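Student: First the structure, then my questions, so here it is.
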Amino acid sequence: NLVELHNAQDLYGIASPGSCGASPCKQYFIRITEEATLSSDRPEVFFSGCLHGNERVGPTTVVELARLLTENYYYGENEWLMRLVKTRSIYIMPSANALGYYQNTREEGRIDPNRDFPYDRSASQCMQTTAARAVNELWREHLFQLAITFHGGMRAISYEWGSTNHR
């Protein structure tokens, strides 16, 4: 009753971006929360790794976060972590760019999913990747109060759309 597993292909009808070995690639995500304390006004948070398929630190980090939260909940070692599970709905998408992760490439089919969102782009230039569509559908369904995307190769805490061409 603590973890739900979904994927964007089954839940939202998004096509697979291609083959990940013998199976079609899927954008999996989990929700971690204590169902017994679930309320309609519970804050929702989002963690993702691997918008860039070759940035391997993201999926490992968010999977370890899921392990930390669930194991702590059951063993009761840290009250603060237990409180997060009891009072938040935590969504984790370890590999948004599943095809890029499988192929160990930054892009999904020559398109950078991190630049495939409708910010400072025309409608014809966005939502071309299944990674962007999977993230978009999850965001359309939830009002996330906090979102963290892990990237590799640098240290920064920044706004997702932190460009200087707007106020």
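Student: I'd like to check something: does the range 44-61 contain any residue that is assigned to a helix (DSSP H, G or I), among the small types (Gly, Ala, Ser) and farther than 23 Å from Arg31 by Cα?
Tutor: No; the residues of the range 44-61 include none that is assigned to a helix (DSSP H, G or I), among the small types (Gly, Ala, Ser) and farther than 23 Å from Arg31 by Cα.
Student: If you don't mind, another one. Lys86 is checked against (1) at pLDDT below 95; (2) in contact with a helix residue (DSSP H, G or I) (Cβ under 9 Å, 6 or more places away or on another chain); (3) assigned to a loop (DSSP other than H, G, I, E, B) and fails just one. What number does that condition carry?
Tutor: (3)
Student: Right, something else. Condition first: without any contact (Cβ under 8 Å) to a residue 60 or more places away in the chain and more than 26 Å from Gln9 (Cα to Cα). Can you find one or more residues in the range 86-94 that meet it?
Tutor: Taking the range 86-94 as the starting set, the residues that turn out to be without any contact (Cβ under 8 Å) to a residue 60 or more places away in the chain are 86-90.
Okay, now just the ones that are also more than 26 Å from Gln9 (Cα to Cα), so 86-87.
Looking for residues that are without any contact (Cβ under 8 Å) to a residue 60 or more places away in the chain and more than 26 Å from Gln9 (Cα to Cα), one finds at least one in the range 86-94, hence yes.
Student: Restricting the range 89-120 to residues that are modelled with pLDDT under 95 and in a helix (DSSP H, G or I), which is least open to solvent (accessible area, probe 1.4 Å)?
Tutor: For the range 89-120, the residue satisfying everything is Pro113.
Student: So, one more: Any residue in the range 67-75 that is open to solvent by less than 20 Å² (accessible area, probe 1.4 Å), farther than 24 Å from Gly153 by Cβ and out of contact with any strand residue (DSSP E or B) (no Cβ under 8 Å at 6 or more places or on another chain)? Steps first, answer last, please.
Tutor: At the first step, the residues of the range 67-75 found to be open to solvent by less than 20 Å² (accessible area, probe 1.4 Å) are 69, 72.
Imposing the further condition that a residue be farther than 24 Å from Gly153 by Cβ reduces the set to 69, 72.
If we keep only those that are out of contact with any strand residue (DSSP E or B) (no Cβ under 8 Å at 6 or more places or on another chain) as well, we get 72.
Yes, there is a match, as at least one residue in the range 67-75 is open to solvent by less than 20 Å² (accessible area, probe 1.4 Å), farther than 24 Å from Gly153 by Cβ and out of contact with any strand residue (DSSP E or B) (no Cβ under 8 Å at 6 or more places or on another chain).
Student: While we're on this one: Exactly one condition in (1) at pLDDT 95 or above; (2) open to solvent by less than 50 Å² (accessible area, probe 1.4 Å); (3) more than 16 Å from the chain's Cα centre (by Cα) is false for Ser23; which is it?
Tutor: It is condition (2) that Ser23 fails.
The values are calculated or read from the model by the stated rules, or taken from the named source; none is laboratory data. Here the structure is a predicted model, which means the values were calculated and not measured. Here Cβ is always computed from backbone atoms with ideal geometry, including for glycine, and neighbour counts include all displayed protein chains. Note: areas computed on protein heavy atoms with side chains; ligands, DNA, RNA excluded. Shrake-Rupley method; radii C 1.70, N 1.55, O 1.52, S 1.80 Å.
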